[in-house]
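Colleague: Sending over a structure as structure tokens; questions will come in a sec.
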Amino acid sequence: MIGRSNLGGILRVRDPRTLAADTRGATAAIWGLVLPVLIGSIGIGVESGMWYVARADLQAAADAGALGGALELSQSSTGTVSSEALAEAVRNGFVEASGSYEVNRPPVHSTTHAGDNNAVEVRLTKNLDRLFSGIFSDSTITVSANSVAKVTPSDGDACILALDTSASGAISLSGGAEVEMEHCAVASNSSSSSSISAVGGSELEADQVFVYGNVSTSGGSSVEPSPATTGVTISDPYASLTAPTVPSTCDQTNYSTPSNGSTTLSPGKYCGNTKFKNNVTLNSGVYYIDGGSLSINSGATVTGSGVTIYLSGSSTVSTISINGGATVTLSAPTNGSYSGMLFWQSSSASTTGTNTFNGGSSLNLTGALYFPNQQLTFNGGNNTSGSQCTKIVARIIKFSGGSEFENEGCEAAGVADITTASTVALVE
């Protein structure tokens, strides 16, 4: 017979409560191994989304920087391309302290635009701290973004430029106006959706059409060719010119030529209202029309070469009106300080004035018609041909009736180019 003592020596039966305690210990050990992996995996999923968002934000900042640098380049400010590109990237969320940046002109990382001096490349990097994924690695996550914007230089030279940056119909055609421009472009700086407006069966035809905002047409009107949206305003080509110094004393006050016969006038200061009624010949030089208006009456014939008519005034700047039935054949100086400037209104003029070249007149004008602060209403009758050149730069320009503009003879006429804007776009 086997005794209890012998059984105890062969088989040991453990208390169930002790066995349960051992099971909990094994489970805890397993969880201790699995839980970090599980948390790390979840963390990687969460952080991957965060990294994606950070990368998208960085790309947006790089795009803004590249466009900012390219816009600066388009305005020939090459020395500030890098600083402007960085400034735009910062304005769009890039923080210098969190990463690094490069601005390259020409691009060096691009595969398609490397070496292109008309392109600006912005490369941004950003360092991101790990969260849960730090369980697997303590290295810093770095995301990067690369963007390239390119300036496409314009080969256009404009005959017409509207300077207003917000007006609806900064250039407008109405009443069946037909405006044709040989060898030149038309441009408007207005951001309006109707920056150039054509209504009532009007037609605008030019070599190129440049507009900051957009073109609107109605009533069977047309604008050709399709406009190029510049994204930048076009610089006033005459803003840097030094305006004539107006004499202190008047040579004539409220002067009016006789209704009949012929009159020859010399340069000088014509104060108050000035009227040309008969056959008027202007000797070459600068005519200061000060503090009033210049009116060329119906039936008058005005001729002259080497002429600049400067509209000035201490309190009220003069305006001009050419009435229907007048015949005006004038050309600007071809050299010197006022080369190419035919009609020139002081930049101190209020924005409320209007200058009118009425329809039915015969206008043959070689030179620039420069009204930087006021509206020019051009009611047809202008006909330039051959070696002549007419350019209009005004705050707002309105047309009705037929007008033709020629640009081919501007160099010989001493008239400065109106360089149309380059286009700027992201290319990579």
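Colleague: How do the peptides 322-335, 345-358 rank, highest first, by the average count of neighbouring beta carbon atoms within 10 Å per residue?
Modeller: My ranking of the peptides, most packed first, is 322-335, 345-358.
Colleague: Sticking with this structure for a sec: Quick one: 3J(HN,Hα) in Hz for segment 249-255, Karplus 6.51/-1.76/1.60 with θ = phi - 60°, rounded, Gly and Pro as x.
Modeller: My calculation for segment 249-255 gives 10, 8, 7, 9, 10, 6, 7 Hz in order.
Colleague: At a probe radius of 1.4 Å, what is the per-residue accessible area of residue 71, in Å² to the nearest 10?
Modeller: Rounded to the nearest 10, the figure is 60 Å².
Colleague: What does the accessible area of residue 207 come to, in Å² to the nearest 10, when a probe of 1.4 Å is used?
Modeller: My reading of the accessible area for residue 207 is about 90 Å².
Colleague: Shifting gears a bit: Report the local net charge at residue 202: Lys and Arg +1, Asp and Glu -1, summed over other residues whose C-beta lies under 13 Å from its C-beta.
Modeller: Local charge sum for residue 202: -4.
Colleague: Take the residue pairs 275/391; 269/398; 126/150 and return only those whose Cα atoms are more than 26 Å apart.
Modeller: Table pairs above 26 Å Cα-Cα are 269/398.
Colleague: How much accessible surface area, in Å² rounded to 10, belongs to the heavy atoms of residue 428 with a 1.4 Å probe?
Modeller: In the full protein context, residue 428 sits at about 80 Å².
Colleague: Step through the residues of segment 168-184 one at a time and calculate ³J(HN,Hα) from phi using the Karplus curve (6.51 cos²θ - 1.76 cosθ + 1.60, θ = phi - 60°), rounding each to whole Hz and writing x for Gly and Pro.
Modeller: 6, x, 4, 10, 10, 10, 8, x, x, 4, 10, 10, 10, 10, 8, 6, 7
The values are calculated or read from the model by the stated rules, or taken from the named source; none is laboratory data. Not measured: the values here are computed from a predicted model. Methodologically, a virtual Cβ is constructed for each residue, glycine included, from the backbone with ideal geometry; neighbour enumeration extends over all protein chains shown. Just so you know, the surface numbers come from the protein's heavy atoms only, side chains and all, with ligands and any DNA or RNA stripped out. Shrake-Rupley method; radii C 1.70, N 1.55, O 1.52, S 1.80 Å.
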